[in-house]
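The next block holds one structure in the form of structure tokens; read it before the comments.
The values are calculated or read from the model by the stated rules, or taken from the named source; none is laboratory data. Computed from a predicted model, the values in this text were never measured in an experiment. With ideal geometry, Cβ positions are generated from the backbone for all residues, glycine too; neighbour counts draw on all protein chains shown.
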Amino acid sequence: MKMLLKQPIFCGIKGELGTDKKYHFTVDFTNNDEVNDAISFVAPFYHTAIIDGVKTCWFGYEYNDNLPKPYKSACIKFLENVKEDAEVSDTGISGHDLYDMVIQSLDSIGLQDRMIDTIVYPVSSSNLTFNIVNDVLKYLPNSDRVSVYDVLKADPATLTLDIDRCLRDVESGVLKHKTFVDKHGHKREINRENLERLLLDAQRSDKFSIRHVTKSWYMREYFSDFFVFRRADRNFENAANILIIDDNKTSGSTIKEIVKIIKKYNHTRCTIYVFALTGSNPKKK
């Protein structure tokens with residue numbers, strides 16, 4: 001999987017704070033304002049990474065590094081509120097503009113030539129990921145032969161926590177933190193007793209989210225079995241070129257978990273591509 005020379009893609013999403021104290025956004029495919037745009041779409045990132053022993057190719061758009069957190073959060077909500085028609089709206093991106101964003105990124109890495117045979121995506125509360133999947137299918141020349149599989153959040157009672165690995169990482173210094181913060185905001189020492197309690201809290205949750213059981217994001221690394229396939233058939237077992245689609249990438253933990261369950265069902269040496277519409281370049285982490 002060869003690194004490609006990236007051609008500039010000009011697209012800016014800019015938000016203006018209105019008298020209602022809410023951000024109102026506009027999409028511009030011709031110019032970038034490097035200071036004020038919520039997302040600087042100058043060129044999508046593209047790089048390879050090894051996830052759970054599988055070589056993956058990542059690509060997508062980068063956020064402006066200088067964004068205040070409220071501005072970025074408002075922009076994410078703007079993207080998640082996809083308007084099905086093509087009308088311009090300052091509260092949600094139009095389906096037409098979203099399609100243009102997706103296609104320009106896919107063109108930049110030549111996805112049409114990658115022989116994608118399978119798409120996997122996590123079910124989300126917003127309609128953004130679902131719209132991206134449909135846009136990708138419109139783009140692929142072999143869309144009538146592409147199998148699509150969605151993954152759902154698993155029953156919290158089935159979650160696992162690798163307590164032994166976490167303790168080893170603390171002892172060896174791989175994990176720099178000696179404590180974590182529980183869901184009540186209390187600092188806890190990372191020891192077996194507290195980790196067992198943390199797992200129990202997670203398993204008793206109505207719907208698991210790492211922020212509902214601990215305020216320490218780094219603890220998610222040690223949880224597993226977040227997702228299950230709604231279905232996985234013989235076609236998936238033999239998939240050769242899999243595209244994972246997600247709407248917004250932060251730590252990459254969702255993608256890592258999806259790669260793990262792909263390995264459980266896929267019996268070939270598949271190639272995995274990852275498209276997250278927005279996020280941070282993993283090389284910067």
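Structure summary
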quantity	calculated
Answer residue from the range 232-246, given it is of a type in the set (D, E, K, R) and at pLDDT 85 or above and is surrounded by the fewest Cβ atoms within 10 Å (Cβ to Cβ) among those	Glu237
Out of Arg165, Arg211, sole residue that is closer than 25 Å to Leu277 by Cα and not assigned by TED's automatic domain parsing to the domain that holds Thr254	Arg211
Condition check for His96: outside any helix (DSSP H, G or I) and either free of Cβ contacts under 8 Å to residues at least 60 places away in the same chain or not charged (D, E, K, R) (or both)	no
Residue list for the range 234-251, filter: in contact (Cβ under 8 Å) with a residue 60 or more places away in the chain and not in a helix (DSSP H, G or I)	Ala239, Ala240, Asn241, Ile242, Leu243, Ile244, Ile245, Asp246, Asp247, Asn248, Lys249
Leu175 being of a type in the set (A, V, I, L, M), farther than 30 Å from Asn241 by Cβ and in a loop (DSSP other than H, G, I, E, B)	yes
Single residue of Asp206, Asp169 found to be crowded, with 18+ Cβ neighbours inside 10 Å and either in contact with a helix residue (DSSP H, G or I) (Cβ under 6 Å, 6 or more places away or on another chain) or of a type outside the set (A, V, I, L, M) (or both)	Asp169
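Yes or no, residue by residue, for (1) part of a helix (DSSP H, G or I); (2) surrounded by 15 or more Cβ atoms within 10 Å (Cβ to Cβ); (3) modelled with pLDDT of 65 or more:
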position	(1), (2), (3)
Leu5	no, no, no
Ile13	no, yes, yes
Glu16	no, no, yes
Lys21	no, no, yes
Val35	no, no, yes
Ala43	no, yes, no
Leu67	no, yes, yes
Ala74	yes, yes, yes
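Table: residues versus (1) under 21 Å from Thr278 (Cα atoms); (2) touching a residue at least 24 places away in the same chain (Cβ under 8 Å); (3) in a loop (DSSP other than H, G, I, E, B).
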site: Met115; (1), (2), (3): no, yes, yes
site: Phe130; (1), (2), (3): yes, no, no
site: Asn134; (1), (2), (3): yes, no, no
site: Val151; (1), (2), (3): yes, yes, no
